[in-house]
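Colleague: Here it is: the structure, laid out below.
Read-outs throughout are calculated quantities, based only on the coordinates presented, and are distinct from any laboratory measurement. Note that the structure is a prediction, hence the values are computed from the model and not measured. Neighbour counts run over all protein chains shown; Cβ positions are idealised from the backbone, glycine included.
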């Protein structure tokens, strides 16, 4: 069992480092943020390979890191894995796109469906628009992992 958050971050860093080393990557891993809310940032000359198309490989590394960490301690918090700031840039793009679509909906009065996205990105969209008094965002009712969001006037 992991005793405190500094142990969690050290264990998560060790897990991710072991995977990257076994895969043959050159890398450094930095712990970013506070002990109770941190992420692991990979710095590597192989960033394009590690990130993958749209971050899919980075998502896989994050998933595996968290699964292994939960095997060590079932109460371990979820760890975010980033590579050279890719996730922060991607999050900004998703929020900006949602706000842009909201502006189009306001101007035209017509609802617009966004492309399918994972639950994390859907949450970003909903949070980006939550304080907008003129539009609302609604996730489609589907059993699919990636779902569309409808942005419409309230």
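Colleague: Run the numbers on segment 5-84 and let me know its relative contact order in percent, using alpha-carbon pairs under 8 Å that are six or more apart. Walk me through the numbers before you get to the answer.
Modeller: Details: 97 pairs, mean separation 26.1, N = 80.
About 33 percent, as a whole number.
Colleague: Here's another thing I want to ask about it. Using only Cα atoms, tell me the angle between helix 86-108 and the longest principal axis of the chain; keep it within 0 to 90° and round to the nearest 10.
Modeller: On a 0 to 90 degree scale, this one is about 10.
Colleague: For the residue pair residue 127 and residue 143, what label-to-label distance in nm results when each label sits 7 Å from Cα along the Cα-to-beta-carbon direction?
Modeller: Going by the 7 Å Cα→Cβ label model, 3.0 nm.
Colleague: Please find the FRET efficiency linking residue 134 to residue 63, where r is the Cβ-Cβ separation and R0 is fixed at 35 Å, and quote it to the nearest 0.05.
Modeller: 0.45
Colleague: Something else about it: Can you give the FRET efficiency for residue 22 and residue 99, using 1/(1 + (r/R0)^6), R0 = 30 Å, r = Cβ-Cβ distance, to the nearest 0.05? Show your work: numbers first, answer last.
Modeller: Working: r = 41 Å, r/R0 = 1.37.
Step by step, r from the Cβ atoms, then E = 0.15.
Colleague: Given the rule -39500 (n - 2.57) for each run of at least 4 DSSP H residues, summed and divided by the residues of the chain, what is its mean residue ellipticity at 222 nm, to the nearest 500 deg cm²/dmol?
Modeller: Details: 5 runs with 74 residues, N = 154.
Taking each H run of at least 4 residues, the total per residue is -15500 deg cm²/dmol.
Colleague: If I fit a long axis through the Cα atoms of helix 5-22 and take the longest principal axis of the Cα atoms of the chain, what angle between them do I get, 0 to 90°, rounded to 10?
Modeller: With both axes taken from Cα atoms, the answer is about 80 degrees.
Colleague: Nearest 10 degrees, 0 to 90: what angle lies between the long axis of helix 56-72 and the longest principal axis of the chain (Cα atoms)?
Modeller: 50
Colleague: What is the fewest-to-most order of 140, 26 by other Cβ atoms lying within 10 Å of their Cβ? Show your work: numbers first, answer last.
Modeller: Details: 140 13, 26 10.
Lowest count first: 26, 140.
Colleague: Need the full-extension length gain, residue 6 to residue 88, defined as separation in residues times 0.36 nm minus the C-alpha distance. One decimal, nm.
Modeller: Numbers: separation 82, 0.36 × 82 = 29.52 nm, distance 2.29 nm.
The residue 6-residue 88 span can extend by a further 27.2 nm.
Colleague: First obtain the Kirkwood hydrodynamic radius of the chain from its Cα pairs, then insert it into the Stokes-Einstein equation at 20 °C and 1.002 mPa s, and state the resulting D in µm² per second as a whole number.
Modeller: Working: Rh = 17.2 Å.
Translational diffusion coefficient: 124 µm²/s.
Colleague: Counting other C-beta atoms within 10 Å, which of 117, 19, 144 has the fewest, and how do the rest follow? List each step's numbers first, then the result.
Modeller: Details: 117 19, 19 16, 144 8.
By the 10 Å Cβ count, ascending: 144, 19, 117.
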